[in-house]
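Undergrad: Pasting in a structure now, in structure tokens, and then I'll have a few things to ask.
Every read-out reported here was derived from the displayed coordinates using simple, explicitly stated rules and does not represent laboratory data. All values derive from a computational prediction rather than experimental measurement. Please note: Cβ atoms are built from the backbone with ideal geometry, for glycine as well, and neighbour counts cover all protein chains shown.
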Amino acid sequence: MYKPHTILGELRKIRLVGLARDFIRRVTMHHRIQGSRGLEEAIRETSGFLSSIGFEVKLFDIPSGRRGFMETPISWDVYEGTLEVKVGKESITYDLSEHPTLVSAHSPPGEGCGEVVVCKDVSKCEGEVVLVEAPGYVAYRETSARLVILYDSKRYPEAVPYTGLFLEEGEVKDTSVVGIPYATALKTITRASRGDRVEACWSIKARYSSRPQHGLIAYRGGDPGVLYMSHICHPKPGAHDNASGVVSNILTAVLIEKAKLGFPHAHLFIPEYSGTIYADKNLPWIPIGVYNLDMVGSKQWVTNSTLNLVNPPLFIESMTAPYLYLATKLVLDEAASFGGFKLPASRYSISPYTSGSDHDVTLVWGLDSSMLNEWPSKYYHTDMDDVDSISPSRLVDTALISTIAGMLLSSRYRREEISSTYRDYLKSWYGVEALKQGIDVSPLGGIISSQRRLEYNPRITPISSRVFYRKMGLETYNKLRNIKGAHSYLSVYAPLARMLGIKDPIEVFQLENLLSWSAEDKEVVLKTWSMIEDDLLKTMGL
């Protein structure tokens, strides 16, 4: 039988820091927008490397359009982009070559100059050029401006934010979209409020095409095994999100092979969501478990991140989560206390289920899935998410965690004992959190003790936020965006609870996430769910 601490010692002898350092730079050289040439180049480069070390590799087509409740955008490339904002004799200019996130993903081309109109509400936003804080797709749909300038108060204020439209065929119109730093937006709003004329001039050269998009699967072993996945998209540089996950996934593949651990394993590299929903027919087998690597291996003192071990919903029977926790403690508890006891050398914690990455897809398919994810991230979704924030040695640590977790899962190492111990730990963890917050989470004990097993059904997808926008309209959609956890509940949690017959899922979700929604918030969430539940049941064939 495997002894994890012994295996860890052998794995640490395999030197991978140099490969991690080289590959993170290679991936971040590409502008990896969904449907772009840069993304195709990154995928093919990854495919070439894995093929060269003996993996079976397969590039599979990702068609544009919709599957289930999710969409895949049309192919798009941007070649040039500039924005100049002028107030009197003062001006500031942004260029795509220096700020790769300047042009919103899938923005139509265009050029011109016009007076900037500052909008507080996207539904009442009129003008040739508008400045507004809103989701890119919503702003694009709701306004008739020739140029939409977006800003995001939640992003690092000095950085140009990453925004996206991800348009389907037939949605293209004569509206270009760019993003500017929050700090610049504040200055612009201040000057405009004083009555100063603010003018913007822009030029964007971009092109849509019918070029096919691809995902990559690389695998070893003919029996059902462990699937590791990482989305490989996002604009240049996109180091933490998610070149880091891509590189850790590659390092995991190398570790398993070099250590000759012998268990079947597959490695999936896809554009986020839009590629994953088409991966089911291209997997070599139905996985016994899935580990999603999304934003890992950072210099935590730079990004202010904590490594989150994201559990599936508590009502789902899982072994990926307990094995992941054990592997993380083995790898990261390497700092010595005064008495010699090993303590965490990096910040990490278990986390209740949250949506927002590709584990959502595999969960609704019915696969036991957990995620490694660092959050928060100081430069998240900006042009400052560069390789300087990544630690090659921490990328290797992440690969060590993933490798050991997969090995334990595949071998069913002390399965019943570890499952029981982890369930008891979850109850204790929630008990302490409840004491901190002065709430009663005792009903979760019964949920944890009676977890249920999902059945595999890849016809089902998570529910995209655009479904809520289209079904409910802008006013309700904006309310949902301001309700903490609403998207996680509606997109994945409620559908899973419906499949498994969980009673009062909205109450269970709030307990699980240590939330307390107001009566008004619950009414909005329940009304939205009632509007989409019938569509979900039809997809399930019920």
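Undergrad: At a Förster radius of 35 Å, what calculated FRET efficiency corresponds to the Cβ-Cβ distance of residue 506 and residue 281, to the nearest 0.05?
TA: 0.55
Undergrad: Karplus couplings for segment 291-307 from phi (6.51 cos²θ - 1.76 cosθ + 1.60, θ = phi - 60°), rounded to Hz, Gly and Pro as x?
TA: After applying 6.51 cos²θ - 1.76 cosθ + 1.60, I find 10, 9, 10, 9, 6, 9, x, 7, 6, 4, 6, 8, 7, 6, 8, 10, 6 Hz.
Undergrad: Then there is this: Amide H of residue 29: which non-local residues (sequence gap of 5 or more, or other chain) have their own amide H closer than 5 Å, using H built in the peptide plane?
TA: none
Undergrad: Once Rh for segment 463-540 is found with the Kirkwood sum over Cα pairs, what is the Stokes-Einstein diffusion coefficient at 37 °C and 0.692 mPa s, in µm²/s?
TA: 260
Undergrad: Check cross-link reach from residue 58 to the lysines: straight Cα distance under 20 Å, and skip same-chain residues fewer than eight apart.
TA: Leaving aside lysines fewer than 8 places away in the same chain, those within reach of residue 58 are 281.
Undergrad: Now for a different question. How big is the convex hull of the Cα atoms of segment 156-235, per residue, in Å³?
TA: Numbers: hull volume 14.5 nm³, N = 80.
In segment 156-235, the Cα convex hull volume per residue is 181 Å³.
Undergrad: Please arrange 121, 152, 360 by counting, for each residue, the other beta carbons lying within 10 Å of its beta carbon, fewest first.
TA: Numbers: 121 11, 152 23, 360 27.
Going from least to most buried by this count: 121, 152, 360.
Undergrad: Further question on the same structure: Using a cut-off of 22 Å between alpha-carbon atoms, which lysines can reach residue 436, once sequence neighbours fewer than 8 places away in the same chain are excluded?
TA: Here the lysines satisfying the reach criterion relative to residue 436 are 427, 484.
Undergrad: Using modelled backbone amide H atoms (1.01 Å from N, in-plane), which distant-in-sequence or interchain residues come within less than 5 Å of residue 213's amide H?
TA: Hits under the 5 Å cutoff: 62.
Undergrad: Then there's this: At 20 °C and a viscosity of 1.002 mPa s, what translational diffusion coefficient does Stokes-Einstein give for segment 399-488, taking Rh as the Kirkwood radius over Cα pairs? Give it in µm²/s as a whole number.
TA: 124
Undergrad: Please arrange 329, 281 by how many other C-beta atoms lie within 10 Å of their C-beta, fewest to most.
TA: Ranking 329, 281 by Cβ neighbours within 10 Å, fewest first, gives 281, 329.
Undergrad: Tell me, what HN-Hα J-couplings in whole Hz come from the Karplus equation 6.51 cos²θ - 1.76 cosθ + 1.60 at θ = phi - 60° for each residue of segment 5-18, using x for Gly and Pro?
TA: 5, 6, 4, 4, x, 5, 5, 5, 6, 7, 8, 10, 4, x
Undergrad: Could you tell me which of rounded, prolate or oblate describes segment 75-209, using a ≥ b ≥ c as the square roots of the eigenvalues of the alpha-carbon gyration tensor, with rounded for a/c under 1.5 and, failing that, prolate when a/b is larger than b/c and oblate otherwise?
TA: prolate
Undergrad: Modelling each spin label as a point 7 Å along the Cα-to-Cβ direction, I'd like the residue 210/residue 420 distance in nm, to one decimal.
TA: Result for the modelled spin labels: 6.1 nm.
Undergrad: Where the centroid of each part is defined by its Cα atoms, how far is segment 330-396 from segment 416-490 in Å?
TA: Cα centres, segment 330-396 to segment 416-490: 19 Å.
Undergrad: So which trypsin sites (Lys or Arg not before Pro) in segment 476-535 are both in a DSSP loop and have at most 14 other Cβ atoms within 10 Å of their Cβ?
TA: Counting only loop positions with at most 14 other Cβ atoms within 10 Å, the trypsin sites (Lys or Arg not before Pro) in segment 476-535 are 484, 503.
Undergrad: Starting from the Cα of residue 516, step 7 Å toward the Cβ, then list every residue of segment 427-441 with an amide N under 18 Å from that point.
TA: The answer is 430-441, whose backbone nitrogens lie closer than 18 Å to the label point.
Undergrad: At most 15 other Cβ atoms within 10 Å and a DSSP loop assignment: could you name the chymotrypsin sites (Phe, Trp or Tyr not before Pro) in segment 456-500 that fit?
TA: The qualifying sites are 456.
Undergrad: May I ask for the Kirkwood hydrodynamic radius of the chain, worked out over all distinct Cα pairs and given in angstroms to one decimal? Write out the running numbers ahead of the final one.
TA: Working: mean 1/r = 0.0413 Å⁻¹.
Kirkwood radius, the chain: 24.2 Å.
Undergrad: Looking at the chain, send over the antiparallel percent of its DSSP beta bridges, to the nearest 5.
TA: 60
Undergrad: Let me ask another. Take the Cα of residue 345, step 7 Å along the line toward its Cβ, and report every residue of segment 373-400 whose backbone nitrogen sits under 19 Å from that point.
TA: 390-400
Undergrad: Which cross-chain or sequence-distant (5 or more) residues have an amide H under 5 Å from the amide H of residue 67, H modelled 1.01 Å from N in plane?
TA: 72
Undergrad: Let me ask something additional. Work from the charge dipole of the chain (Cβ charges, +1 for Lys and Arg, -1 for Asp and Glu, about the Cα centre) and give the residue of 495, 328, 441 farthest towards its positive end.
TA: My answer, from the dipole projection, is 328.
Undergrad: In deg cm²/dmol and to the nearest 500, what is the mean residue ellipticity at 222 nm of the chain if only DSSP H runs of at least 4 residues count, each as -39500 (n - 2.57), divided by the residue total?
TA: Taken over the chain, the calculation gives -11500 deg cm²/dmol.
Undergrad: Report, in debye and to the nearest 20, how large the dipole of the chain comes out about its Cα centre when Lys and Arg carry +1 and Asp and Glu carry -1 on their Cβ.
TA: Roughly 980 debye, rounded to the nearest 20.
Undergrad: In the chain, which cysteines lack any other cysteine Cβ under 4.7 Å from their own?
TA: When partners are defined as cysteine Cβ atoms under 4.7 Å apart, the chain leaves 233 without one.
Undergrad: Determine which aspartates and glutamates satisfy two conditions relative to residue 258: a Cα distance under 18 Å, and not lying fewer than 8 residues away in the same chain.
TA: Of all the aspartates and glutamates, those that pass the test against residue 258 - Cα under 18 Å, at least 8 places apart if same chain - are 10, 56, 397.
Undergrad: Compute the separation of the alpha-carbon centres of segment 150-169 and segment 170-231 and state it in Å as a whole number.
TA: After rounding, the separation between the Cα centres reads 7 Å.
Undergrad: Sticking with this structure for a sec: Along segment 263-269, what does the Karplus equation 6.51 cos²θ - 1.76 cosθ + 1.60 (θ = phi - 60°) give for ³J(HN,Hα), rounded to whole Hz, x for Gly and Pro?
TA: Using θ = phi - 60°, the values come out as 8, x, 8, 10, 9, 10, 10 Hz.
Undergrad: Among the listed pairs 13/378; 299/479; 86/236; 120/378, give every one whose C-alpha distance is greater than 30 Å.
TA: Over 30 Å Cα-Cα: 13/378; 299/479.
Undergrad: Counting other beta carbons within 10 Å of each Cβ, put 398, 461 in order, fewest first.
TA: 461, 398
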